[in-house]
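One structure is given below, encoded as structure tokens.
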Amino acid sequence: MIRVQGYVDPKYSQIADAFADNFNHHGEVGASLTVYHHHQLVVNVWAGYKDLKKKMKWDHNTVVPIFSTTKAISACCMAICHSKGLFDYEDKVVKYWPDFAANGKENITIAQLLQHRAGLSAIYRKITVEIIQDRALLESIIAKQKPRWTPGEYQGYHPWNIGWFISALLSKIDPEGRRLKEFLEEEVLPYIDGDVRIGVNDDYQWENVAKVIPFSRMKIFSMPFVFVKEFFKPWSLTFRSLLNPAFVVNHINFNKKEILKLEIGGGGGLGNSKGLASLFDGLTNPNHPLYLKPNTLDYLYDYPAPPTYGYRDLILKLDAFRFHGGFMKPSKKHNFSLSKKSFGGFGAGGSFVISDPENYLTFAYTMNKMGHELMNMKRESNIRNEVYRTIVQVE
């Protein structure tokens, strides 16, 4: 039986039991879980190991790559700027970033970009570590990108480059010209518990980083066939969107310092559940320094109208995900919350963070064993379902 450590309010003990169940019955290796209810910390637990050989124990400082949950952190940085009155979501991107207008992008709004409707899911140039390190060059490349569909007509998941678009735009909006990495470190980290990062420095405490444990590549064939078929076509929009830069194809690469030091706001972040939950709770807590102004929260709580031709995603080949303000919103197939006002983020493998304002609830989960499902993974849904069952009992 796994030994769970940390803090649990006795009224919420069933949530900790579900967390332990992920280890005892669903093969979890190392993980952390944090829950805030009515802006009070009620669960903050961790267990397991940082590595597959189970030699390094997970502790309260352990962080792990969180893949696309990073997008939610990037969206938080944008929301903080919006709350400061620095931009409006309906503004055109070119208002702040004139070079973005190249190749027919002059009318794309910030809202469309953050909703993954801008047609910019793929970069038609090989992106390397060296290019990512050269921020000016990378910005020049993405500014010249041509939309692959008419912006606003369709949704198409922007898996990696959305973070670079956000970072470049943020640097034009922020009076101090900071990109995601610096903005996060200076405007967010001092006010939260735990840790979240988008790129780290050489002097980072590397001993705190857990090792990613990938799933078997054969598992991809259990995903929807229409997606798998496009995934293996090098000329397809799905392939070009998901597998550039090339190093992302192997999750083991996210165990390398060289990769973790890169600013990849679409999927290269590090964090633990305490950092994610503390950040999201702060955004909605009137007594917190990061509390967002009502107009910003109203926007995030709103539910987006569909693209012209519906929600079927051109990259993922399914109708499930909803994006708004850079965050995920619940849908019929991806029903991660009881409230449509909820917003959050999910990452490959099973990490997630959810803010549910109607239930005064924020919770986050991080782990190092990757899962292969596109959504509603067993370990993830096990936690989500128990959280909601428990808060109903508590209320």
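The values are calculated or read from the model by the stated rules, or taken from the named source; none is laboratory data. This one's a predicted model, so the numbers in the text were calculated from it and none came from an experiment. Cβ sites come from the backbone with ideal geometry, for glycine too, and all protein chains shown count toward neighbours. Heavy atoms of the whole protein, side chains included, go into the accessibility calculation; ligands, DNA and RNA do not. Shrake-Rupley method; radii C 1.70, N 1.55, O 1.52, S 1.80 Å.
Taking the structure as given and computing Cα extents along the principal axes in Å, which label from [x] 65, 57, 39; [y] 57, 46, 43; [z] 118, 63, 43 fits?
Correct label, based on the coordinates given: [y].
Have a look at Gln112, Ile127, Ile80 and report the one farthest towards the positive end of the charge dipole of the chain, computed about the Cα centre with Cβ charges (Lys/Arg +1, Asp/Glu -1).
Ile127
How far is it, in nm, from the label point at Lys95 to the one at Tyr7 when both lie 7 Å from their Cα along the line to the Cβ?
Each label point lies 7 Å from its Cα, and together they span 4.1 nm.
Under the rule of at least 5 residues apart or a separate chain, name every residue whose amide H is placed under 5 Å from the amide H of Ala31.
The list, which skips near neighbours in sequence, is Ala47, Tyr49.
If you put +1 on each Lys and Arg Cβ and -1 on each Asp and Glu Cβ, how big is the dipole of the chain around its Cα centre, in Debye rounded to 20?
So the magnitude is around 1440 debye.
What accessible area per residue comes out for segment 69-216, rounded to a whole number of Å², with a 1.4 Å probe?
Per-residue value: 37 Å².
Quick one: with all protein chains in place, what share of the accessible area of the chain is carbon or sulfur, to the nearest percent (1.4 Å probe)?
50
Roughly speaking, what is the centre-to-centre gap between segment 335-395 and segment 53-75 when only Cα atoms are used, to the nearest Å?
Using only Cα atoms to place each centre, the spacing works out to 16 Å.
Among Lys333/Lys378; Lys146/Lys333; Lys11/Lys369; Lys95/Lys144; Lys55/Lys181; Lys172/Lys333, which pairs are too far apart, with a Cα-Cα distance over 25 Å? It would help to have the intermediate numbers written out before the result.
Details: Lys333/Lys378 14 Å; Lys146/Lys333 31 Å; Lys11/Lys369 29 Å; Lys95/Lys144 16 Å; Lys55/Lys181 31 Å; Lys172/Lys333 36 Å.
Violating the 25 Å Cα-Cα cut-off are Lys146/Lys333; Lys11/Lys369; Lys55/Lys181; Lys172/Lys333.
Over segment 137-266, consider all pairs of different Cα atoms and compute the Kirkwood hydrodynamic radius from their mean reciprocal separation; express it in Å, one decimal.
Numbers: mean 1/r = 0.0581 Å⁻¹.
For segment 137-266, the Kirkwood estimate is 17.2 Å.
Tell me what the chain gives for mean residue ellipticity at 222 nm when only DSSP H runs of n ≥ 4 count, each as -39,500 (n - 2.57), the sum divided by the residue total, rounded to 500 deg cm²/dmol. Could the numbers behind the result be given before it?
Details: 13 runs with 119 residues, N = 395.
My calculation for the chain gives -8500 deg cm²/dmol from helical runs alone.
For segment 197-317, build the convex hull from the C-alpha positions and give me its volume per residue in Å³.
With only Cα atoms used, segment 197-317 gives 162 Å³ per residue.
When the chain is modelled as a GNM with alpha-carbon springs shorter than 10 Å, which of Lys144, Lys105, Lys211 fluctuates the most?
Among Lys144, Lys105, Lys211, the largest GNM mean-square fluctuation belongs to Lys144.
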